[in-house]
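The values are calculated or read from the model by the stated rules, or taken from the named source; none is laboratory data. Quick caveat: nothing in here was measured; it's all calculated off a predicted structure. As a convention, Cβ positions derive from the backbone with ideal geometry for all residues, glycine included, and neighbour counts pool all protein chains shown.
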Amino acid sequence: MCTRTILGITNRIITLLKQILNSLLNKFQDPRQQLDYSYTKQVEALNKLRRDIARVVTAKKQLEMQKTRLWENIRVLEEQAHRSIEQNREDLARLALERKNVNLLQFRPLKKQIDDIKTEQDKLEQIEKQLALKVEQFRSKKEILKAQYSAAEAQVRIKENITGVSEELAGLGTTMDRAEEKTEKMMAKAQALDEMIDSGVLTDYTHTSDDIIERELKQVNIDDPVDEELEKLKAERAKKRKNLW
């Protein structure tokens, strides 16, 4: 296998491992999921403990049943021994007592074993109560933390939205300023053009031809009296000069 092929396979393996690691890291990115996962594991441990206690109790019950049967056998064998003596059957009495002693040999350690199991059961039940209390406390705390996290998350989301709206409003303010600036420039340009039109530098083609004619006629009406009066003044001056001569 060539070096390039080995490097390619190695890179693919590394990439796969990175993907798996990222998946594991992202698994509990939300602390609420981590809390729920921890609570689930604690409940599983509590249930396992309870199953163990149930097995211990079952074993104890079985031993207690054996103990009861042995004790019943002992009682029966004692009665048989008494009846055998009454009937002058010492041999049967001896046999009954021998069997009784065998049962007693089994009974005594069985009783101790049951007592030991009972002690172990009591310890496990005490541990179960403590663990159940801790799991319940964790569950309550978990729900409170989840609620607090959800509330904080909602606040962050709202504030982020407010920040986004503020940025948009700031952008709108900038747009409004630019629009006002352009409007003021356009108004100033319009006023400058009006002044240039009024001064005669530019011709206002926005007016109709009737307006232009009307203005020219008004100008003629103004100019004619002025010309007539000017001619009169010239004539009077010429007449005075003629009289002087």
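Points worth noting:
- Pairs with Cβ under 7 Å, 6+ apart, first in the range 143-162 and in contact (Cβ under 8 Å) with a residue 40 or more places away in the chain, second among the basic types (Lys, Arg): LYS146/ARG32; TYR149/ARG32
- Sub-7 Å Cβ pairs linking a first residue in the range 32-52 that is among the basic types (Lys, Arg) to a second residue that is surrounded by 12 or more Cβ atoms within 10 Å (Cβ to Cβ) and part of a helix (DSSP H, G or I), at least 6 apart or interchain, are ARG32/LYS146; ARG32/TYR149; ARG50/GLU128, ordered by first then second residue.
- Selection count, the range 104-149, where residues are within 38 Å of the chain's Cα centre (by Cα) and polar (S, T, N, Q): 4
- Under the condition of being over 22 Å from ILE53 (Cα atoms) and either in contact with a Ser or Thr (Cβ under 9 Å, 6 or more places away or on another chain) or among the β-branched types (Val, Ile, Thr) (or both), the residues counted in the range 107-148 number 3.
- Scanning the range 123-139 for residues that are more than 14 Å from THR40 (Cα to Cα) and either surrounded by 12 or more Cβ atoms within 10 Å (Cβ to Cβ) or not hydrophobic (A, V, I, L, M, F, W, C) (or both) yields a count of 8.
- Scanning the range 40-68 for residues that are hydroxyl-bearing (Ser, Thr, Tyr) and more than 42 Å from the chain's Cα centre (by Cα) yields THR58, THR68.
- Test: residue in the range 78-85 that is assigned to a helix (DSSP H, G or I), among the β-branched types (Val, Ile, Thr), at pLDDT 90 or above and surrounded by 13 or more Cβ atoms within 10 Å (Cβ to Cβ): no
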